[in-house]
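Chemist: Quick one: the structure is below, and I'll ask about it shortly.
Bear in mind these aren't lab numbers, they're just calculated from the coordinates by the rules spelled out. Quick caveat: nothing in here was measured; it's all calculated off a predicted structure. Neighbour counts run over all protein chains shown; Cβ positions are idealised from the backbone, glycine included.
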Amino acid sequence: MTKRERSPRSQCFMLNSRCHVRFSFPTALPEVSNRSLLVSVNGRASNINIPVSCEEHSCEVDWFSLFFIRLQDTTEGQKAGENVGLIREAALFLVPELLAENELLVDGIAIVLTKLT
């Protein structure tokens, strides 16, 4: 196979190059008053406050992306964005080979990938 030829496997994923990413968080401790979620795809980040009761989030991402999430639980008086509270982080390079895993567990965050059809 020459450099310009692509394998049949990569051609298949080029036709449908999106992935559904679902991540689940542990239940927040009773003293947690704020929950902040940062999602970054290829360096473009979005930071949102989510309800303390939120234990799952999902998004659609292109395959072969660098995907990073950061969950921060803080108590009253602590500010999100600072290195305070309980911080959980996960970083993945999203390749189709990860579909073979039923669930990835990184720093207490369960991650499930699904190929979009």
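Chemist: Along each of its three principal axes, how wide is the spread of alpha-carbon positions in the stretch 62-117, in whole angstrom units, largest first?
Modeler: Largest to smallest, the principal-axis extents are 44, 19, 17 Å.
Chemist: Distance between Cα centroids, the stretch 78-115 to the stretch 17-53: provide it in whole Å.
Modeler: Rounded to whole Å, the Cα centres lie 9 Å apart.
Chemist: At a 10 Å Cβ-Cβ cut-off, how would you order Phe93, Phe68, fewest neighbours first? List each step's numbers first, then the result.
Modeler: Values: Phe93 10, Phe68 16.
Sorted ascending by nearby Cβ count, the order is Phe93, Phe68.
Chemist: If we count other beta carbons within 10 Å of each Cβ, what is the order of Thr117, Thr27, Thr74, fewest first?
Modeler: Values: Thr117 5, Thr27 9, Thr74 21.
Taking fewest neighbouring Cβ atoms as first place, the list is Thr117, Thr27, Thr74.
Chemist: Compute the label zone of Leu98 within the stretch 29-43: residues whose backbone N is under 17 Å from the point 7 Å along Cα-to-Cβ.
Modeler: Correct set: 38-43.
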